[in-house]
Amino acid sequence: GIQGVKFLDDAGFFNDDMQSAVKNSLHVKKDLIRTGSIFSLKKCVWEPTQKMTWLGFVWDSTDGSLAAAPHRIEKIIATSQSLLARVSCPVRDLAGFVGMIVSLIPVVGNCSRVTTKQSQICVASAVSWDDVIHLSPEVKREILFWKDNVTTLNYRLVADKGPPSVVNVIEGDASSTG
C-alpha cells in the first residue's frame, strides 16, 4: 500500500524513493479522477518533493524535521510586539495570540501550554470576547518569552535520520476559501 496521512480534505503520501513517489503519485491521481473526487489541481503537489509547507508546517524529509511555516512565526512575533506595547487589550486579541502559540504543539510540545498558562487564565476570566483586559506582568512575561524564543524553538525532529523520503500532497477543495 501507499503510506499517507489524511487530515479533513488534505492528504500527504510518503515514499522511500523518487521512482516510487512518481508511480504512486500517478496512481493516486488516476484513482481520484476515476472516482470523481473533487480536488484542487492548482493546490496539489503532484511532483514529488522532500520539503514542503503543508497544513501550516514545513515538513522536511531530508532531516526528518517539522517546523511552523515562516508566515506563522512572523505573525506570532508581530502580534507579541503589538501586545507588549499595550497596557490592556480586547480579550479576543490575547486569545488569538494564545491560539497561535498552542497551535505550535506539534513542533514545541507542551511548552506552548506551560508558557501561556497565565494568559489562558486571563482569557478564561473574561465574561465576553469584547471585554478589555489588563495585561499583567506575568502575561507580558509569557508574551515576551514567545517573542524572544519562537524562532529558536521552531524545529523538531519527528523521524529518525535515515534515507530521505519523498512527499506528494493532495489537497481537496471542500471549501471555496482555498
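The values are calculated or read from the model by the stated rules, or taken from the named source; none is laboratory data. Everything quoted here is computed from the prediction, not taken from an experiment. Methodologically, a virtual Cβ is constructed for each residue, glycine included, from the backbone with ideal geometry; neighbour enumeration extends over all protein chains shown. SASA here: full protein model, heavy atoms, side chains in, ligands and nucleic acids out. Shrake-Rupley method; radii C 1.70, N 1.55, O 1.52, S 1.80 Å.
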Answer yes if at least one residue in region 13-30 is under 24 Å from P106 (Cα atoms) and among the acidic types (D, E), and no otherwise. yes
So if I check each of D160, D131, which one is open to solvent by 40 Å² or more (accessible area, probe 1.4 Å) and at pLDDT 95 or above? D131
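Can you list the helices (runs of 4 or more DSSP H) lying wholly within region 19-128 that have 3 or more residues being within 17 Å of the chain's Cα centre (by Cα)? Don't jump to the end; show me each part of the working.
Numbers: elements: 70-84, 91-102, 105-108, 111-114, 117-124.
Helices (runs of 4 or more DSSP H) meeting the threshold: 70-84, 91-102, 105-108, 111-114.
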Scope region 64-84; condition over 22 Å from R141 (Cβ atoms), aliphatic (A, V, I, L, M) and touching an Asp or Glu at 6+ places or on another chain (Cβ under 9 Å); matching residues: L66, A67
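Let's see how each residue does on (1) over 22 Å from D63 (Cα atoms); (2) open to solvent by 60 Å² or more (accessible area, probe 1.4 Å); (3) at pLDDT 85 or above:
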position	(1), (2), (3)
G1	yes, yes, no
V5	no, yes, no
L8	yes, yes, no
N15	no, no, no
L41	yes, yes, no
W46	no, no, no
So, in region 129-156, how many residues would count as being farther than 15 Å from D93 by Cβ, assigned to a loop (DSSP other than H, G, I, E, B) and not polar (S, T, N, Q)? 1
Return yes when K140 is under 22 Å from I105 (Cβ atoms), touching a helix residue (DSSP H, G or I) at 6+ places or on another chain (Cβ under 9 Å) and either buried (at least 17 other Cβ atoms within 10 Å of the Cβ) or modelled with pLDDT of 95 or more (or both) and no when it is not. no
How many residues does region 60-98 contain that are open to solvent by 20 Å² or more (accessible area, probe 1.4 Å), within 28 Å of A124 (Cα to Cα) and of a type in the set (S, T, N, Q)? 4
Mind checking which residues of region 1-18 are over 22 Å from the mean Cα position of the chain (by Cα) and among the small types (G, A, S)? G1
Residue under question is W146, and the condition is that it be closer than 30 Å to D17 by Cβ, in contact (Cβ under 8 Å) with a residue 40 or more places away in the chain and out of contact with any Lys or Arg (no Cβ under 6 Å at 6 or more places or on another chain); does it hold? no
